[in-house]
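No value in this document is a laboratory result; all are computed from the given coordinates. All values reported here derive from a predicted model rather than from experimental measurement. Cβ: placed from backbone, ideal geometry, glycine included. Neighbour counts: every protein chain shown.
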Amino acid sequence: DSGVTQTPKHLITATGQRVTLRCSPRSGDLSVYWYQQSLDQGLQFLIQYYNGEERAKGNILERFSAQQFPDLHSELNLSSLELGDSALYFCASSAGLAGAEQYFGPGTRLTVT
Amino acid sequence: DQQVKQNSPSLSVQEGRISILNCDYTNSMFDYFLWYKKYPAEGPTFLISISSIKDKNEDGRFTVFLNKSAKHLSLHIVPSQPGDSAVYFCAARLTNDYKLSFGAGTTVTVRA
């Protein structure tokens, strides 16, 4: 158990809909990262927050947004969903701003039908 | 753009033998490399790492080797155990960057 929690574990929704994925980092960790893993692909970095502020952005679509709240939990919002958004979404956390050793949650499997 | 590549999607090894996983990268500015292990229905778990100023790091049965001139790193697992059956991801970080770049993963199967 990494100490990072993600909800929900599974999500099935239709194209055009909007969903919110939630992540709670390990106790004491200030950085939260979001990754997307599509079928047979490695993890693609989406976005990082550190202590409530956005610090780094990867190949995140404009339809996607995230935020980190004062209690340090984070939410990833995906809107106008398309079939290609079906993937595993992982949240990770680290203690510092540039933490190389990141601790991952169990992921949320999103299926868009 | 795939800056970290794991060219072998799968590896099968007999229990007790050595598992060697390979990873190549293209960006010479990577300064830190990591290996993660992932079981089905779980998130990746940090396994071992190496800084670009070293060429070897060992932790129990796991050893990572880094060849900077070849932009290549490898993970050796000796001896391989059934519990090592998982997907292994190679990852790299740029100097002063915040994100990790991951390879596509290698599925290791340890046969009894």
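Rank B:86, B:41, B:70 by mean-square fluctuation in a GNM of chain B with C-alpha springs under 10 angstrom and give only the top-ranked residue.
Evaluated over chain B, the most mobile residue of the options is B:41.
Assuming R0 = 25 Å, what is the FRET efficiency of residue B:107 and residue B:3, from their Cβ-Cβ distance, to the nearest 0.05?
So the FRET efficiency works out to roughly 0.70.
Quick one: of the DSSP bridges fully inside the protein assembly as shown, what percent are antiparallel, nearest 5?
If I count the DSSP bridges inside the protein assembly as shown, around 90 percent turn out antiparallel.
How far apart, in nm, are the 7 Å Cα→Cβ label points at residue B:20 and residue B:59?
The modelled label-to-label distance comes out at 2.3 nm.
Using θ = phi - 60° and the Karplus curve 6.51 cos²θ - 1.76 cosθ + 1.60, what whole-Hz ³J(HN,Hα) does each residue of the stretch A:73-84 get, with Gly and Pro shown as x?
For the stretch A:73-84, the Karplus curve yields 6, 10, 10, 10, 9, 10, 10, 6, 4, 10, 4, x Hz.
Using the Cα gyration tensor of the stretch B:41-112, with a ≥ b ≥ c the square roots of its eigenvalues, what is the shape: rounded (a/c below 1.5), prolate (a/b larger than b/c) or oblate (neither)?
oblate
For residue B:56, give me every one of the lysines with a C-alpha distance below 21 angstrom, ignoring sequence neighbours fewer than eight places off in its own chain.
Hits, sequence-local ones excluded: B:5, B:37, B:68, B:71.
Of the candidates A:55, A:22, A:63, which one comes out as most mobile in a Gaussian network treatment of chain A with C-alpha springs shorter than 10 Å?
Top of the fluctuation ranking is A:63.
Cα-Cα pairs above 19 Å in chain A: how many percent?
Tail of the P(r) past 19 Å holds 38 percent of the pairs.
Can you give me the distance in nm between label points at residue B:45 and residue A:82, each placed 7 Å from the Cα along the Cα-to-Cβ direction?
3.7 nm
Under a point spin-label approximation (7 Å from Cα along Cα-to-Cβ), what is the residue B:27-residue A:60 distance to one decimal in nm?
Between residue B:27 and residue A:60, the label points sit 1.7 nm apart.
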